[in-house]
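Inspection log for the structure reproduced underneath, given as structure tokens.
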Number of protein chains: 2
Amino acid sequence: MRLSKGTLVTRRETPSEADTRGTEMLLRAGFIRQLGSGLYTTLPLMTRVLHKLEALIRRELDGAAQEVSFPQLQPAALWRQSGRWDAYTQVEQIMFAVTDRGGRELALAPTHEEVAVAVARELVGSYRDLPLSVYQIGRKFRDELRPRAGLLRTREFVMKDGYSFHATPEDLARTFEVMGDAYARILTRLGAEWRAAQADSGLIGGAESREYLLLSDVGEDTLLYTADGLYVANAERAVSRAHPAPASPFSCFERRHTPGTSTVASACAALGCEASQMIKNVLYEAEFLEGGQPSTRPVLVSLRGDHSVNPVKLWNAVSARIDGTLTALEVADTEQWAGDLPLGYLAPDLPDGTERPFLRLCDGAAAHAQHFATGANETGFHVVGANWGQQYPLPEVADLRQVEAGERSIHDPAQPLLAARGIEVGHIFQLGTRYTAAMNLSYTAADGTPQTPTMGCYGLGVTRLAAALAEQLADERGLVWPAVIAPYEVILTVVDLQDTAQVEAAEGLYAELRAAGVDALLDDRPSRAGVKFADADLTGIPWRVTLGRTVGLGRAEVRERRGGETWEPGLGKITGFLRARLGQR
Amino acid sequence: MRLSKGTLVTRRETPSEADTRGTEMLLRAGFIRQLGSGLYTTLPLMTRVLHKLEALIRRELDGAAQEVSFPQLQPAALWRQSGRWDAYTQVEQIMFAVTDRGGRELALAPTHEEVAVAVARELVGSYRDLPLSVYQIGRKFRDELRPRAGLLRTREFVMKDGYSFHATPEDLARTFEVMGDAYARILTRLGAEWRAAQADSGLIGGAESREYLLLSDVGEDTLLYTADGLYVANAERAVSRAHPAPASPFSCFERRHTPGTSTVASACAALGCEASQMIKNVLYEAEFLEGGQPSTRPVLVSLRGDHSVNPVKLWNAVSARIDGTLTALEVADTEQWAGDLPLGYLAPDLPDGTERPFLRLCDGAAAHAQHFATGANETGFHVVGANWGQQYPLPEVADLRQVEAGERSIHDPAQPLLAARGIEVGHIFQLGTRYTAAMNLSYTAADGTPQTPTMGCYGLGVTRLAAALAEQLADERGLVWPAVIAPYEVILTVVDLQDTAQVEAAEGLYAELRAAGVDALLDDRPSRAGVKFADADLTGIPWRVTLGRTVGLGRAEVRERRGGETWEPGLGKITGFLRARLGQR
């Protein structure tokens, strides 16, 4: 392409809406423009990046799944069959819903599990039709509470989403790994610094899930990992060995007067113990829909004084123990308890009120506490030397605590957990039969019996992956693209358009590169050389060839954007030089 | 691809939802499945067709426009700026609108003129930035009143839509032709039987527009054209020379008693004249929004008794003459006129009621009538021998009548108009400044003055074009695809999987074809040969190679789907034979 014929609008100043470096550079380099909150137009350069990324994804999925395309408008009835309509429209409010001229509700696709099952119902009849593995690349819509960071969190984006159906969990597990391997190849070919992490399944559900993240300080996710590479998990579901609590200083169960010690720190100081030797009891209120009716239940969580509640783990634990759809889970608003609760001094056996009984849960690390201190259910009083099964019945035990960097890993206590920030770009799930059973997808097995297939789903954010790469690779001069998805592989910069020797050399090289299959961009704009150099850096095209006064001597500089190294292979050898370098992509 | 590894679900029976042959075959051949009213999943074979069609479109647009991608969710404010929010949400109700969690309204893109102008406001500053020409390929959403014919009229579909901005109308006209030429090349390369026709601009607006249609009996549009190829127009806006009315038998203006003659035919019989010698006066009621408030106005249309009103022309004529947005235009409901109107006997000078005065319009052909008969404004009475400007003031004249096949063309009275049915697949518009002025897009001209660019837009339905081709080419055995967009170019059918010679020959040829760049599908399913032959025909893959018992003799049959001709070039020459044939694509 000739820049004189195309549209490139770059900016020198930082746009006010740029909250990350990658966003700033994508805006300044003319790759994207914001249309509204969380809504972006991709301009020609970004459109090329996305097309190349989509092509890379298709190549790596070839043979593992067949490409289809589902509607983005989906009958609400499908979401009611799966039981997710309430969760998506009312709880998270993440789904846009429209009503058509006939008064029928339609979902605007945030994801496609329901549609995939509906289509599988049409295609799967017998065991011979399994496995079925399909994917699509298309738009998704999510009414995000807080769109941020340009293309990283938007209300409309491009995603690759795949769905597979299997006769056995083993076959599903195989495909799960095939998809994971494809993601690993894609991220490696992009030259990204990435990690695969154990993850929480969230609203999608299912037993096993794995996230693929690009490391970046602007990421919203925290990864906990070990240096030996054997453990990587999202902090939302990471596990560890808790630091052991020292032996308790309390040998007898006693009640102590501890006025003004409603915090763990002040109580420990008054009692002469460490936070790890105390059990704190935190009151939550769960709101949920039961048969469409809103309802509430109090939840009492016991955990060690030095630990904090992981809200995702607690959400999952409570969800699994109530009937209906959990819609909110917050630390209880004390106002409504009529002031008679000894907050800050609660014990694990706080009596049930006139409302529904407590759902009582105890974190796994707290379940091992011995001779511990805790509240006495009376303001200004604690007890010490308590034991589960003696003074207090042990509540249901669940992993509820937030793991912290520095704790020891489960697989090897010699490995401490390290922390890093990451951008989730992919997430793959072994869903089991959650959707297939709810939506009555069945097949006839070899023995003639009706069976329910097990299901997996596999998401890879296309827009987000491109934006995450921009974040990870951009420097202070602009974007830096890997050649495999760069909008162009090479930019030819003509220093002085008045110099016919330069123009002719550029035109000759441009034709030569194109004939050799190199995706070249010719900057033949009548701008100053400094502007062209700055634009070449800003747009992040991996290779720049500068055609200046030395072309008469058969010389031109070749410069790699990443790293800034320069070469002078001689004008006649530039095409071969670049083909060799690009061949390594 | 090997069919044993993929998913092909074909049906022998005709699905109940198939209302056209193309739809039937797309459903039976496993190309599409319906998810809901006007909502379709494209399965792997159809997804390949659409990708190839998109690639063809991109190739032909290369150099004429740069590809971008706009959001499908669009702030309602943009549609209010252009003045189309009411028309799209209330009048046609064609646009889905959603409200986000912040209570803001968003349109779900039925088209992108507003967004294109909003983006151009970011990119265009000076005359040096013009022309700007961009396009995208993506989904569109329209809440169709009556989805029909599979992919031909759906509520969600893929479209190529382009937008261009220019300093002068001449430059716009040039780009309009460049786009038209690209469409012509695309349709010709597809081997389609197509026509370009003058068209009504509809809701999009603008001065000049041209439709591209595939001829098909299932098309919703009627084309009127001349055999010399010099005139093609959609019946919605076609013009012609009306058949001349014979000289009137009435020389004097007289009132006649004509009881029981409220129809044209009965009145003519009673008066002893032809329908072309009579002026009928038809009462319509226009509903419109004026500053957001609903309002109405009666419209009285005078036209020759042998002519009928073209509703599109009348809509445009009324729209141009009222303030506000026309929302409905129907023959007046007589109930509300309190029974005192002499319906069937109206004259052009029917007195205004207590309501707003009539908007009086006269069709162009009727304006030439002399000594005509018409109603007398009294039930049971007509007048004859009337003339415009004598008994009746001539209302505003406009082209309002429906042109019929058999009438003479304007450009050459020797050419009668012929009629054909067509499926609109493309529509290009010279919009002028309607959107750019309303939305305050301006640029600084060379002389430093602010100017408003003129705009064009160019739509090509991707899903619809593929479906229209299926309609046009399908036969009683199934689909017939042109090689350029066929899901595969060649299908290799192994007659007997137990015969290792057949399997080996097929595998060898499959590898050879793929190495030669031919897109081959290997039918290695353990099905009966008859099933495989039927599926090969049904899916419409252009070339089939049958590997049967004669492979031992070095022979295999090559068969062209379209036409059914067969060849036996010898096993070793099949790849060369097919490459030569496919090279003609």
Subject >> Label 7 Å beyond Cα on the Cβ vector: residue B:396 copy-to-copy distances, nm >> reply: 7.4
**OP:** Taking H placed 1.01 Å from N in the peptide plane, check which residues at least 5 places from residue A:383 or on another chain put their amide H under 5 Å from its amide H.
**Re:** A:256, A:374, A:375, A:376
Subject >> Helical contribution to [θ] at 222 nm, DSSP H n ≥ 4, -39,500 (n - 2.57), averaged over the protein assembly as shown, rounded to 500 >> reply: -7000 deg cm²/dmol
**OP:** Could you work out the local net charge near residue B:453, counting Lys and Arg as +1, Asp and Glu as -1, over the other residues with Cβ closer than 10 Å to its Cβ?
**Re:** -2
Subject >> Percent of Cα pairs exceeding the 21 Å cut-off, where the set is region A:152-288 >> reply: 64
Original post:
Are there GluC sites (Glu not before Pro) in region A:439-544 that DSSP marks as loop and that have at most 10 other Cβ atoms within 10 Å, and which are they?
Top reply: A:476
Subject >> Histogram of C-alpha separations across region A:351-467, 10 Å bin width, % >> reply: 9, 18, 22, 22, 20, 7, 1
**OP:** Provide the per-residue ³J(HN,Hα) series for region A:280-288, in order, calculated from phi with Karplus coefficients 6.51, -1.76, 1.60 and θ = phi - 60°, each as a whole number of Hz, with x at glycine and proline positions.
**Re:** 9, 10, 10, 9, 10, 10, 9, 10, 8
Subject >> Residue-count net charge about residue A:507 - beta-carbon cut-off 10 Å; Lys, Arg +1, Asp, Glu -1 >> reply: -2
**OP:** Report, ordered by chain and residue number, the lysines lying within cross-link reach of residue A:52, taken as a straight Cα distance under 18 Å and ignoring same-chain residues fewer than 8 apart.
**Re:** A:160, B:52
Original post:
Where Rh is the Kirkwood radius over the Cα pairs of chain A, the temperature 4 °C and the viscosity 1.567 mPa s, what D in µm²/s does Stokes-Einstein return?
Top reply: 47
Subject >> Normalised contact order of region A:254-398, rounded percent, pairs of Cα under 8 Å and 6 or more residues apart >> reply: 31
**OP:** Rank B:79, B:361, B:495 by how far each Cα sits towards the positive end of the charge dipole of chain B (+1 on Lys, Arg Cβ; -1 on Asp, Glu Cβ) and give me just the farthest.
**Re:** B:495
**OP:** At 0.36 nm per residue, minus the direct Cα-Cα distance, what do residue B:5 and residue B:263 gain on full extension? Give it in nm, one decimal, please.
**Re:** 86.1 nm
Original post:
Going toward the positive end of the dipole of chain A, with +1 on Lys and Arg Cβ and -1 on Asp and Glu Cβ, which of A:350, A:510, A:288 do you reach last?
Top reply: A:510
Subject >> region A:378-423: GluC sites (Glu not before Pro) falling in loop per DSSP and having at most 14 other Cβ within 10 Å >> reply: A:378
**OP:** Calculate the all-directions average of the projected area of the protein assembly as shown's alpha-carbon convex hull, and give it in nm².
**Re:** 60.2
Subject >> ³J(HN,Hα) computed for each position of region B:207-216 - Karplus, 6.51 cos²θ - 1.76 cosθ + 1.60, integer Hz, glycine/proline x >> reply: 7, 10, 8, 9, 9, 10, 10, 8, 5, 6
Subject >> Relative contact order [Cα under 8 Å, 6+ residues apart], chain B, whole percent >> reply: 18
**OP:** Straight distance only, please: which lysines reach the Cα of residue A:313 with their own Cα at less than 26 Å, same-chain residues fewer than 8 apart left out?
**Re:** A:280
Original post:
Relative contact order of region A:473-585: what whole-number percent is it, with Cα pairs under 8 angstrom and at least 6 residues apart?
Top reply: 31
**OP:** Identify, for chain A, the residue whose C-beta comes nearest the rotation axis onto chain B, and round that distance to whole Å.
**Re:** A:98, 3
Subject >> Debye, to nearest 20: dipole size of the protein assembly as shown, +1 on Lys, Arg Cβ, -1 on Asp, Glu Cβ >> reply: 2460
Subject >> In region B:268-349, trypsin sites (Lys or Arg not before Pro) in a DSSP loop with at most 16 other beta-carbon atoms within 10 Å >> reply: B:321
Original post:
What fraction of the Cα pairs in region A:1-159, stated in percent, has a spacing above 27 angstrom?
Top reply: 41
Original post:
So which lysines can residue B:573 reach, going by Cα to Cα under 26 Å and dropping same-chain residues fewer than 8 places off?
Top reply: B:532
Original post:
Can you give the FRET efficiency for residue A:243 and residue B:447, using 1/(1 + (r/R0)^6), R0 = 56 Å, r = Cβ-Cβ distance, to the nearest 0.05?
Top reply: 0.15
**OP:** Read phi for every residue in region B:106-120 and hand back ³J(HN,Hα) as whole Hz from Karplus 6.51 cos²θ - 1.76 cosθ + 1.60, θ = phi - 60°, with x for Gly and Pro.
**Re:** 10, 8, 9, 3, x, 5, 10, 4, 4, 5, 4, 5, 4, 6, 4
**OP:** Can you list the distances in nanometres, one decimal and ascending, from the residue B:16 label point to the identical position in each other copy, with the point 7 Å along Cα to Cβ?
**Re:** 5.9
Original post:
Which percentage, to the nearest 5, of the DSSP beta bridges contained in region B:490-583 is antiparallel?
Top reply: 40
Original post:
With a sphere of radius 14 Å drawn around the Cβ of residue A:200, what net charge do the other residues whose Cβ falls strictly inside it have (Lys, Arg +1; Asp, Glu -1)?
Top reply: -4
Original post:
Which distances, in nm and shortest first, link the residue A:259 label point to the same label point in every other copy, taking 7 Å along Cα→Cβ?
Top reply: 11.3
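Quick note: the coordinates plus some simple rules give every number you see, no bench work behind them. In this text, all values refer to a predicted model and were calculated from it rather than measured experimentally. Neighbour counts run over all protein chains shown; Cβ positions are idealised from the backbone, glycine included.
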